[in-house]
Amino acid sequence: VVFFWDERLDRERPITRERIALTARDQAFGRERAPQLARAELERRLVRVRAATEALCAELSPEDAALQSMPDASPAKWHLGHTTWFFETFVLRALPRFRAFSPDYAYLFNSYYESIGPHLRRDARGLLSRPSLAEVYEYRSVVTAQLLELIEAGRGDWDVLGPRIELGLHHEEQHQELLLTDIKHLFAQNPLQPAYRLPGRTHNAGPAPALGFKVHAGGLLPIGKQGDGFVFDNERPEHLHFLAPYALGDRLITNAEYLEFVRDSGYERPELWLSDGTRWLSAQKISLPLYWQEAGEQSWAAFTLAGLLPLNPSDPVCHVSYYEADAYARWAGARLPTEAEWENAARHQAVRGNLLESGEFQPRPVEPGESQFFGDTWEWTQSAYAPYPGYVPPAGALGEYNAKFMCNQQVLRGGSCVTPSEHIRASYRNFFGPETRWQFAGIRLARNT
Ligand SMILES: [Fe+2]
């Protein structure tokens with residue numbers, strides 16, 4: 001039981017986990033009135049998103065949840081705390097009589113918001129043996145309850161706080177994907193090669209259909225935010241962008257196709273690699289995608305969230321860096337798409353595919369008639385992550401969410417098999433450094449026409 005200040009009664013009153021469940025049940029019976037619909041929808045989403053994060057962690061031991069496998073990856077416990085800190089900082093702190101759950105958590109769970117205050121070094125997140133996992137769950141429970149109270153009462157400046165709660169939900173969904181990518185990287189370091197989940201259904205291991213290219217006419221075309229739904233600031237403003245005619249691969253590149261590149265000494269041929277990529281290759285001694293290993297003569301295995309499995313030739317290749325994707329494209333006589341080419345092709349496609357909700361957590365072979373724009377793997381583009389013309393970052397600390405990373409990163413599009421379906425759209429711009437491999441990132445080819 002936690003206590004929360006009820007402004008209507010002007011006193012503290014208890015809130016329980018049961019109260020959260022009741023709120024969700026009441027809504028299921030349609031008790032909300034039309035003027036409250038936006039708040040009721042937000043309440044439903046809050047309960048669903050917060051529970052989904054915890055469900056992803058349900059099978060983790062406290063030891064699993066505390067470890068950090070590399071500076072770029074965070075422990076599950078830190079993700080659980082940080083997503084909660086985000087709501088506490090950007091929503092609850094704005095309310096009168098705000099009391100932080102713990103004065104230490106602002107330091108522990110602030111990721112990179114310098115204008116909020118000092119924070120724990122990123123590479124030290126795996127040293128947090130305290131607070132315990134149970135304490136972090138308690139923190140989540142208290143903050144979730146406070147948010148539900150806030151939504152129900154509509155207190156504070158709702159025009160500001162409502163959109164911030166929505167932002168917090170999209171932020172948490174972003175971390176759901178990171179949680180899984182980080183657990184995969186962590187488990188891959190363990191000599192026991194544990195499985196996070198049981199293997200899903202097996203897919204046809206036969207060859208993928210022949211790769212085709214669809215021609216797009218080009219022209220002066222709209223790019224960026226579309227419609228009225230939520231978008232991140234970096235997707236704005238919608239603007240016109242000129243595209244020359246181009247052709248785009250009608251599916252992702254498969255493991256079998258990438259293996260041809262490996263067998264053709266693709267990693268050893270300097271003419272295929274960017275200068276930065278050559279330096280990265282020799283420093284890192286890279287010769288295969290991350291998580292691949294030889295399992296015998298001419299046979300390969302890949303570490304997955306279901307443990308070590310034989311490499312399925314028709315699955316999309318995954319966990320390659322931008323350098324590898326670019327070198328593969330050159331070897332194949334093609335190039336990577338620009339983000340505008342990708343978005344123009346995907347703009348009128350339904351958001352449908354192998355996303356988090358499929359529960360597979362692994363890319364799968366293309367289905368007949370599908371083009372894999374959404375889900376399976378993020379797609380590296382040749383576009384540097386930069387502001388759109390006319391972009392203005394949000395005022396205050398939230399301006400740090402996206403804007404300060406607009407340097408030395410490549411844009412990826414389309415979401416992956418661990419992206420929540422509510423979190424992805426044609427205009428969504430993901431971004432990572434070109435050396436990044438632990439994200440679920442793969443390859444779609446493009447060509448000039
Ligand atoms: Fe974050």
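So, in the stretch 234-264, exactly how many residues are in a strand (DSSP E or B) and hydroxyl-bearing (Ser, Thr, Tyr)?
Of the stretch 234-264, the ones in a strand (DSSP E or B) are 239-243, 246-249, 254.
Okay, now just the ones that are also hydroxyl-bearing (Ser, Thr, Tyr), so 246, 254.
The total comes to 2.
Do we have Leu147 as buried (at least 20 other Cβ atoms within 10 Å of the Cβ), in a helix (DSSP H, G or I), touching a residue at least 24 places away in the same chain (Cβ under 8 Å) and more than 15 Å from the ligand (Cβ to nearest atom) here? Write out each step before concluding.
Values: buried (at least 20 other Cβ atoms within 10 Å of the Cβ): yes; in a helix (DSSP H, G or I): yes; touching a residue at least 24 places away in the same chain (Cβ under 8 Å): yes; more than 15 Å from the ligand (Cβ to nearest atom): yes.
So Leu147 fits the description; yes.
In the set Glu152, Glu172, Glu135, only one residue is within 24 Å of Ile424 (Cα to Cα) and either crowded, with 20+ Cβ neighbours inside 10 Å or among the charged types (D, E, K, R) (or both); that residue is Glu172.
Keeping to the stretch 227-285, report how many residues are within 17 Å of Arg347 (Cβ to Cβ), free of Cβ contacts under 8 Å to residues at least 60 places away in the same chain and small (Gly, Ala, Ser). Here the count works out to 1.
Of the residues making up the stretch 296-307, those that are without any contact (Cβ under 8 Å) to a residue 60 or more places away in the chain and surrounded by 13 or more Cβ atoms within 10 Å (Cβ to Cβ) are Trp300, Ala301, Ala302.
Residues that are farther than 30 Å from Thr89 by Cβ and part of a loop (DSSP other than H, G, I, E, B) are absent from the stretch 392-405 altogether. Gln293 fulfils the conditions (1) under 22 Å from Leu198 (Cα atoms); (2) surrounded by 15 or more Cβ atoms within 10 Å (Cβ to Cβ) except for a single criterion, (2).
Looking at the structure I just gave you, is Leu167 more than 16 Å from the ligand (Cβ to nearest atom), modelled with pLDDT of 95 or more and at negative phi? No, not satisfied. Applying a threshold of 8 Å to beta carbon distances and a minimum spacing of six or more residues, or different chains, the list of pairs starting in the stretch 350-363 at a residue that is farther than 21 Å from Ser427 by Cβ and ending at one that is surrounded by fewer than 17 Cβ atoms within 10 Å (Cβ to Cβ) and of a type in the set (A, V, I, L, M, F, W, C) reads Phe361/Ala306; Gln362/Ala306. Within the stretch 308-322, the set of residues being crowded, with 24+ Cβ neighbours inside 10 Å and not hydrophobic (A, V, I, L, M, F, W, C) comprises Asp315, Pro316, His319, Ser321, Tyr322. Of the strands (runs of 3 or more DSSP E) that lie entirely inside the stretch 269-320, those containing 3 or more residues that are modelled with pLDDT under 95 span 292-296.
Give the stretch 94-113 a look and list any residue that's over 18 Å from the mean Cα position of the chain (by Cα) and within 16 Å of the ligand (Cβ to nearest atom), or say none.
Taking the stretch 94-113 as the starting set, the residues that turn out to be over 18 Å from the mean Cα position of the chain (by Cα) are 94-110, 113.
Hits for the stretch 94-113 are Tyr105, Ala106, Tyr107, Leu108, Phe109, Asn110, Tyr113.
May I ask you to verify whether Gly369 is surrounded by fewer than 23 Cβ atoms within 10 Å (Cβ to Cβ), out of contact with any strand residue (DSSP E or B) (no Cβ under 8 Å at 6 or more places or on another chain) and not in a loop (DSSP other than H, G, I, E, B)? No, not satisfied. Among the residues of the stretch 193-220, those that are surrounded by 12 or more Cβ atoms within 10 Å (Cβ to Cβ), within 28 Å of the chain's Cα centre (by Cα) and either basic (Lys, Arg) or in a loop (DSSP other than H, G, I, E, B) (or both) comprise Gln193, Pro194, Ala195, Tyr196, Arg197, Pro199, Gly200, His203, Ala205, Ala208, Leu211. Please go through the stretch 116-135 and pick out each residue that is within 15 Å of the ligand (Cβ to nearest atom) and touching a residue at least 24 places away in the same chain (Cβ under 8 Å). Selection gives Ile116, Arg122, Arg125.
Look at the stretch 407-432 and say how many of its residues are in a loop (DSSP other than H, G, I, E, B) and free of Cβ contacts under 8 Å to residues at least 60 places away in the same chain.
Step one: filter the stretch 407-432 for residues in a loop (DSSP other than H, G, I, E, B), giving 407-409, 414-420, 424-429.
Among the residues that remain, those that are also free of Cβ contacts under 8 Å to residues at least 60 places away in the same chain are: 407-409.
Here the count works out to 3.
The values are calculated or read from the model by the stated rules, or taken from the named source; none is laboratory data. If you're wondering where the values come from, they're calculated on a predicted model, not measured in any experiment. Ideal geometry is used to build each Cβ from the backbone, glycine not excepted, and the neighbour counts take in all protein chains shown.
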